[in-house]
1. Could you tell me the center-to-center distance, by alpha carbons, between region 263-290 and region 342-368 in angstrom?
2. In percent, what relative contact order does region 34-157 have, based on Cα pairs under 8 Å that are 6 or more apart in sequence?
3. Please work out the average accessible area per residue across the chain, using the 1.4 Å probe convention, and give it in Å².
4. Full-extension gain between Glu198 and Val37, please, as 0.36 nm times their residue separation minus the C-alpha to C-alpha distance.
5. Put one equal scatterer on each alpha carbon of region 304-361, apply the Debye formula with no solvent term, and list log10 I(q)/I(0) at q = 0.12, 0.20, 0.21 1/Å to two decimals.
6. Output the DSSP H helices from the chain with an along-axis C-alpha extent of no less than 18 Å and a mean Kyte-Doolittle hydropathy no less than -1.0.
7. When all C-alpha to C-alpha distances in the chain are sorted into bins of 20 Å, what percent of pairs does each bin hold, rounded to whole numbers?
8. May I ask which residue of Pro71, Val37, Leu55 lies farthest towards the positive end of the charge dipole of region 25-76, with charges of +1 (Lys, Arg) and -1 (Asp, Glu) on Cβ and the Cα centre as origin?
Amino acid sequence: MKTIIYSKYSNERSRAFSIRTDILEEGNFRCVRKTPVYPEGKAHIQALYRHYQLLSALTEGTRLSWNRCVPAADGVDLEYIEGESLEEQLLFTLHTQGIDVCAREFLDCLRFIRSLHTGARFAPSEEFCQVFGDASLPVGTECAPCTDIDLLCENILVSEGRWIAIDYEWSFAFPIPVNFLLYRVILHFTDNANRGEEFRRFDFMGQMGITEEEKTAFAAMEAHFQQYILQGHVPIRNLYPAISDGYWLPEEHFSPEDLQIYFDYGDGFREENSVLYRMQEKPYWHLRQEIPLPDNVKALRVDPGYHASLVHLSEFRFASVTGQAAFFLREGTVLGDWIYFSESDPNIFVTDIPQDAKSFLVTLESYQPGQAPLEEINRLAREYQELKNSRLKRWKSTVSSVLKPQ
């Protein structure tokens with residue numbers, strides 16, 4: 001007897017397209033069953049088997065096959081396949097061999113997909129207009145008699161050297177321009193996955209012959225297709241403006257800057273050995289805090305906030321010692337009791353801790369870009385330039401004395 005081990009409802013659509021997907025298991029055998037949620041969805045599910053036959057004929061003899069589909073009493077059963085997606089393989093190439101190799105492999109995939117879609121000529125049929133609207137497209141371009149517009153890299157599994165297309169629910173047995181399919185494949189791999197800027201210079205759409213006019217038409221087709229899926233149904237996600245008074249961000253109500261102190265007991269600075277102190281804003285961030293020192297602490301790391309900043313150390317000392325404590329930076333520029341951190345996550349390290357020290361006093365102001373007082377910046381800039389000039393003068397004097405004939 002088959003047991004359901006997983007169920008998923010795709011019902012944020014019209015009743016005609018709402019489906020349920022189950023993974024069934026019996027012994028070591030598994031399959032995927034798709035059934036309609038409502039009686040109105042029966043035709044949509046039954047079309048899967050017909051599209052499986054048409055698409056299989058389209059790719060016969062190629063490296064691409066389609067997830068095997070057979071009719072079931074109340075829906076269809078599909079082969080359960082395990083494998084890595086083509087998108088995952090492309091991203092592995094991206095991270096191991098670089099973006100140029102990844103782009104070449106992706107272009108090869110696009111050319112292969114184009115090569116499959118032959119045997120028909122495009123003309124805007126009644127069914128096409130019902131699904132995609134009255135798009136302004138060139139007539140007579142070559143395409144396939146049946147197209148799975150979701151033939152995306154994420155929907156192609158690579159298993160034992162085979163490419164197997166899954167999730168071909170949105171297939172249509174009428175001519176659709178192959179450039180629309182390529183447009184969707186490119187968009188889902190780049191812009192829709194926040195990789196658009198990364199791959200912009202390769203101009204995949206231009207290389208596949210997709211014109212600016214087609215891009216405009218395809219965007220309108222996509223919008224009409226999404227409305228076709230809904231057919232008047234309002235998804236819960238679209239109800240938000242009607243049922244909510246809005247939202248608020250925690251950082252708008254709580255300080256996003258903290259002073260974080262790390263204690264090193266000889267095994268390094270660890271998150272679990274740290275404490276946070278909330279900094280106040282007026283409008284720059286500031287804090288005055290006495291920090292108890294645990295026994296056996298070997299070193300301190302003081303993190304004054306989480307952003308690039310100009311930090312003024314008004315007080316930075318052990319309670320038992322007068323004068324500023326010695327410290328060092330891994331990144332930053334020190335000018336007196338001011339420190340400029342050009343990168344996020346600023347750190348100040350204190351490694352010389354007196355044996356009798358019980359607490360550490362910190363009073364500081366942290367200015368983020370746009371907050372720092374202009375007159376103080378100008379003064380520090382002058383001091384920094386003078387320091388550079390002084391060091392340059394000393395260096396020239398040293399070089400001159402070394403090179404001076406004896």
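The values are calculated or read from the model by the stated rules, or taken from the named source; none is laboratory data. Values in this document were obtained by computation on a predicted structure and should not be read as measured data. FYI the Cβ positions are ideal-geometry reconstructions off the backbone, even for glycines, and counts take in every protein chain you see. Just the protein is used for accessible areas: all its heavy atoms, side chains included, with ligands, DNA and RNA removed. Shrake-Rupley method; radii C 1.70, N 1.55, O 1.52, S 1.80 Å.
1. If you average the Cα positions of each part, the centres end up 8 Å apart.
2. Relative contact order, region 34-157: 25 percent.
3. Here the per-residue accessible area is 56 Å².
4. Length gained between Glu198 and Val37: 53.9 nm.
5. -0.30, -0.77, -0.83
6. Details: long enough: 42-59 (27 Å, -0.04); 99-116 (26 Å, 0.68); 212-230 (28 Å, -0.37); 374-403 (43 Å, -0.89).
Span-like helices, by this rule, are 42-59, 99-116, 212-230, 374-403.
7. 19, 32, 27, 20, 2, 0
8. Of the options given, the answer is Leu55.
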